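To start, the structure under review is shown below, and the notes come after it.
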Amino acid sequence: MIANRRNVLAGAGGLAALGLFGVSAQAAQLGAIGLQLYTVRELFGPDPMGTLEKVAKIGYREVEYGGGGYDKMDHAALRRTQDRLGLKAPSVHVPYEWLLADFNAVVKMAKTLGADTVILPYMNDQHRNEAAWNTALKDFNRFARDLKKAGLAFAYHNHDFEFTVKPGGVSLYDRLLKETDPALVKIELDLFWAITAGQDPAALIRRLAGRIYAYHVKDKRADGSMCAVGEGKIDFGAIFKLNRIAGVKHFYVENDECPAPYLPDITTSFNTLRKLTF
C-alpha cells in the first residue's frame with residue numbers, strides 16, 4: 001500500500017517533514033528568511049544592485065520584488081546579481097492593471113527573475129464594491145489559469161480592507177475565497193493587516209490551510225503602529241507553529257513604513273526571526 005502523503009507528513013512531525021524548519025518539531029526554526037523589497041524601496045530605486053548586496057549581507061536568502069521601480073529595470077541584470085549573491089526571488093508583486101494590460105510581459109519578467117509565483121498586491125478603491133470586485137475575481141481566476149499554462153502560479157496579497165469592506169454583508173475576502181479556484185488562486189497572508197482588521201490569525205490560518213503560499217511578517221505595537229519584527233506584540237512563534245497544518249513555504253519580512261536608514265530595521269527583523277524557536 002502506498003501511504004497517503006498527508007499521513008506521512010503528519011507522522012513525520014509536519015514541520016520537519018516540510019523541510020522548512022529545524023530537525024525537531026519541539027524546537028523548530030525558520031529556514032530561509034525573505035524580504036519584500038518594497039520595505040527598502042527608497043534604497044532599491046536608485047541603487048538596486050547595491051541594495052541586493054546589503055540585503056544578502058544581513059543574511060536574507062530570498063527577496064520578493066515589489067515597488068522601487070523594479071518593473072522598469074534590467075531584469076536579466078537583477079537576476080545575475082541575485083545569482084552571484086545566492087539570493088532567490090520566488091515571487092513578484094504585479095499590479096492588477098499591469099496583468100490586464102501586458103500579461104505576456106509579466107510572464108517574461110517573472111521568469112527572468114527566477115520567480116515561480118506572481119502575486120497581486122493591492123486593489124484600489126474603485127474595485128471595492130460588489131460589482132467591481134466580482135469582475136476582478138473572474139480576472140483572478142483567468143490570471144491563475146493562464147499563469148499555470150505558462151508554468152507560473154498566482155496568489156493574492158491582503159491588506160485590511162478585504163476583511164472590513166462588506167458589500168451586501170459579505171466581506172470581500174469571503175467573496176475571494178468562495179469565488180476563486182482554491183487550487184489555482186493561492187494566498188499571501190499579510191499577518192499585520194489581517195490582525196489589524198480584527199482577524200484571529202490562528203482561526204484564519206486553519207481556514208486557509210493548504211492555500212497559503214507565503215506570509216508577510218511585520219510586527220504591531222500596542223498603539224497599532226507597524227514596526228520591525230521583535231519590536232511589537234505579535235506572537236509569531238504561536239503563528240508559525242501552525243505550519244504543521246498550513247505548510248507555508250515563504251516568510252517575507254515587510255515593513256510598509258520602514259524608517260530611514262532602513263537597514264537597521266530589516267536587520268532587527270532578520271535577527272529576531274533567525275533566533276526564533278517554537
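The values are calculated or read from the model by the stated rules, or taken from the named source; none is laboratory data. Here the structure is a predicted model, which means the values were calculated and not measured. Ideal geometry is used to build each Cβ from the backbone, glycine not excepted, and the neighbour counts take in all protein chains shown.
General remarks:
- Selection status of PRO48, within 15 Å of the chain's Cα centre (by Cα), surrounded by fewer than 22 Cβ atoms within 10 Å (Cβ to Cβ) and modelled with pLDDT of 95 or more: no
- Long-range neighbours under 6 Å by Cβ, at least six apart or interchain, first residue in the same structural domain as MET109 (by TED's automatic domain parsing) within segment 138-161, second part of a strand (DSSP E or B) and exposed (fewer than 14 other Cβ atoms within 10 Å of the Cβ): none
- Residue match in segment 23-33 (condition: surrounded by 14 or more Cβ atoms within 10 Å (Cβ to Cβ), modelled with pLDDT under 50 and not charged (D, E, K, R)): yes
- Scan segment 251-278 for residues that are touching a residue at least 24 places away in the same chain (Cβ under 8 Å), assigned to a helix (DSSP H, G or I) and either of a type in the set (S, T, N, Q) or over 23 Å from VAL92 (Cα atoms) (or both) and the total you get is 6.
- Within segment 229-278, the only residue that satisfies the criterion of being within 16 Å of TYR215 (Cβ to Cβ), of a type in the set (Asp, Glu) and crowded, with 20+ Cβ neighbours inside 10 Å is GLU254.
- Qualifying residue in segment 93-116 (condition: small (Gly, Ala, Ser), modelled with pLDDT of 95 or more and within 22 Å of LYS218 (Cα to Cα)): no
- Within segment 50-63, being more than 15 Å from LEU30 (Cβ to Cβ) and touching a residue at least 60 places away in the same chain (Cβ under 8 Å) holds for LYS54, VAL55.
- Of the residues making up segment 160-182, those that are aliphatic (A, V, I, L, M) and in contact with a Lys or Arg (Cβ under 9 Å, 6 or more places away or on another chain) are VAL165, VAL170, LEU172, LEU177.
- Total residues in segment 38-49, condition farther than 17 Å from ARG80 by Cα and free of Cβ contacts under 8 Å to residues at least 60 places away in the same chain: 3
- Matching residues in segment 226-250 - criterion: being part of a helix (DSSP H, G or I) and under 14 Å from ALA28 (Cα atoms): PHE236, GLY237, ALA238, ILE239, PHE240, LYS241, ASN243, ARG244
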